[in-house]
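What follows is a single structure, written as structure tokens, with notes after it.
The values are calculated or read from the model by the stated rules, or taken from the named source; none is laboratory data. The structure presented is a predicted model; accordingly, all values stated were derived computationally and were not measured. Cβ atoms come from the backbone with ideal geometry, glycine included; neighbour counts cover every protein chain shown.
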Amino acid sequence: MAATVPPTEMTLDELREALAPLIPANAAFDGWNEKALAMAAAELGVPANRAVLAFPGGAIEMIDAWFGAIDAGVAAAFPPDRIGAMKIRERIRALVLYRIEVMAPRKEALRRAFAILSMPQNALAAARMAWRAADRMWRLAGDTATDFNHYSKRGILSALYTSTMLVFLDDESDDLAVTTGFLDRRIDDVMRFDKWKAQWKGGGRTPSFSRFLGRLRYPAV
């Protein structure tokens, strides 16, 4: 989006991108609805009815756009020279924690977003958003896998990221100690899984990916 384009002259795609980071502040109080969108539009200086056109899918598209804006922010915060100096484990940990830190001031908006995404009719959209977040984090981390590992890494990180966000929503500890501890334990699980997978490859057997995802999603805190 060109910074010189006045809001009233933006295309709908540009308007969607500009509104995405503004909606959560209002969604925290009013929910992910047209009222929150209208307030964000007023802040940007565009008519509410035009803002609605940028989100024909309603709440799901607003949430999707917010998550997309966070993806863009993460990419800007972790250029190759910064993330290249880290080990893989450190890269994934830093990327997940950064996303959480960015969302922390909008925790109530995130809680409301998760309530919407948890509805059965939104299950596919929720899975797509989690997968996209995982894919972008892995790409930032430098992953170039194109075989089964491409999918297994993203599936595991999707589950790890989602479960960590759920812990974060209930975390009242200082400096997010509970969330950080949970994330570190889940990453330890992933590291053990990779080691186990390498050992099983030598025996010609395939580890249970679905069972491992279940452990990540429903572990004991």
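Odds and ends about this structure:
- Residues located in segment 11-44, provided they are modelled with pLDDT under 95 and over 23 Å from the mean Cα position of the chain (by Cα): none
- Within segment 145-159, the set of residues being within 20 Å of the chain's Cα centre (by Cα) and within 18 Å of Ile83 (Cβ to Cβ) comprises Lys153, Arg154, Leu157.
- Test result for Val52, in the same structural domain as Ala20 (by TED's automatic domain parsing) and β-branched (Val, Ile, Thr): yes
- Scanning segment 83-92 for residues that are of a type in the set (D, E, K, R) and exposed (fewer than 12 other Cβ atoms within 10 Å of the Cβ) returns a single hit, Lys87.
- Some residue of segment 49-58 being in a helix (DSSP H, G or I), closer than 14 Å to Ala109 by Cβ and among the small types (Gly, Ala, Ser): no
- Odd one out for Ile116 among (1) among the β-branched types (Val, Ile, Thr); (2) more than 23 Å from Ala40 (Cα to Cα); (3) over 12 Å from the mean Cα position of the chain (by Cα): (2)
- Subset of segment 93-106 that is of a type in the set (D, E, K, R) and either crowded, with 16+ Cβ neighbours inside 10 Å or touching a strand residue (DSSP E or B) at 6+ places or on another chain (Cβ under 9 Å) (or both) - its residue that is nearest to Pro21 (Cα to Cα): Arg106
- Ala85 meets all of the listed conditions (1) closer than 28 Å to Leu140 by Cβ; (2) at pLDDT 95 or above; (3) assigned to a loop (DSSP other than H, G, I, E, B) but one, namely (2).
- Residues in segment 160-176 that are among the aliphatic types (A, V, I, L, M) and under 11 Å from Leu97 (Cβ atoms): Leu176 alone.
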